[in-house]
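> Quick one: the structure is below, questions incoming.
The values are calculated or read from the model by the stated rules, or taken from the named source; none is laboratory data. All values derive from a computational prediction rather than experimental measurement. Using ideal geometry, Cβ is built from the backbone for each residue, glycine included, and neighbour counts are taken over all protein chains shown. Side chains included, ligands, DNA and RNA excluded: accessible areas come from the protein's heavy atoms. Shrake-Rupley method; radii C 1.70, N 1.55, O 1.52, S 1.80 Å.
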Amino acid sequence: MHERHTSRSAGHRHPDPPARGLSGTGLVADDLYLLGHDDRSGKPLLQPRALGTGLAGALLTELMLAGCVGLRQDSAVVISRDTPQSAVQQHPLLKQVADEPGPQPVRSWLRFLARSAARDVALRLEEAGYLQHARGRVPWSQDQWIPVNPDWAFAPMLRVRTALDPARPLTAHAAALAGLAVACGLGFRLDLYQAQAGRPVQEAVAQLGPGLQELIAQTQTAVDSAVLSQRT
């Protein structure tokens, strides 16, 4: 897999920046990013590798939800046959998948994308009007993205809650978001809003197609491995 240094390679772009506000951008990685950061300060709530791996899974999830890629039985990522070539060329991540000499296993894509996923998605959210970039006050400090509006940054929590409420229709977006949140270590945020008679996250994920279920499981395995390697 080739290195990439373009800020727009995370996937979908937002050509019309502002203000979708509480409705969100409709993209799973955007919602997961906001779930993984404080809605006022923008500080991450997870270790970088765990968050990056979760976001890598979310970027692949977006392509699967759009029907652009799937997983083979050996868990290799492949472009769907009915995906137009024009779409492949216009979408940076799809083009990367197509440019590989052969299908690569999803675990390899998760490792590769995790290195820049947080920054890529933050730039995408900045472009959409949800984050503003704040440079570090001293030369060696990291740059930070701060939510433009705390209510907008909190809104993904309301969307993911629909996956936990059996009285509400379950959408693939909400189910995938809930599954990925748990997979990367954000289950504690969902627990705050899990009603006693609520729908378990595992039950919501079980309503997804087998490819998405496998992707979420692989994401959790990759996160567990990354966290374990940091401790040893």
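> With respect to residue 183, determine if the residue is among the small types (Gly, Ala, Ser), over 15 Å from the mean Cα position of the chain (by Cα) and under 18 Å from residue 65 (Cβ atoms).
Considered against the rule, which asks whether it is among the small types (Gly, Ala, Ser), over 15 Å from the mean Cα position of the chain (by Cα) and under 18 Å from residue 65 (Cβ atoms), residue 183 comes out as no.
> How many of the residues in the range 162-175 are surrounded by 17 or more Cβ atoms within 10 Å (Cβ to Cβ) and farther than 16 Å from residue 30 by Cα?
Number satisfying all stated conditions: 5.
> If you don't mind, there's one more thing I want to ask. Scan the range 49-60 and give yes if some residue there is farther than 23 Å from residue 172 by Cα and basic (Lys, Arg), otherwise no.
Checked against the condition, which is being farther than 23 Å from residue 172 by Cα and basic (Lys, Arg), the range 49-60 yields at least one hit.
> Return the residues of the range 219-232 that are under 18 Å from residue 53 (Cα atoms) and either of a type outside the set (A, V, I, L, M) or at pLDDT below 95 (or both); say none if nothing qualifies.
219, 220, 221, 224, 225, 226, 227, 228, 229, 230, 231
> List every residue pair whose Cβ atoms lie under 8 Å apart, where the two residues are 6 or more positions apart in sequence or sit on different chains, the first residue falls within the range 82-96 and is farther than 16 Å from residue 71 by Cβ, and the second residue, located anywhere, is basic (Lys, Arg) and assigned to a helix (DSSP H, G or I).
88/95; 89/95
> Which condition breaks for residue 216 when tested against (1) open to solvent by less than 50 Å² (accessible area, probe 1.4 Å); (2) modelled with pLDDT of 95 or more; (3) not in a helix (DSSP H, G or I)?
(3) is the only condition that residue 216 fails.
> Continuing with this model, one more query. Could you say whether any residue in the range 26-38 is within 13 Å of residue 147 (Cβ to Cβ), modelled with pLDDT of 95 or more and open to solvent by 50 Å² or more (accessible area, probe 1.4 Å)?
Checked against the condition, which is being within 13 Å of residue 147 (Cβ to Cβ), modelled with pLDDT of 95 or more and open to solvent by 50 Å² or more (accessible area, probe 1.4 Å), the range 26-38 yields at least one hit.
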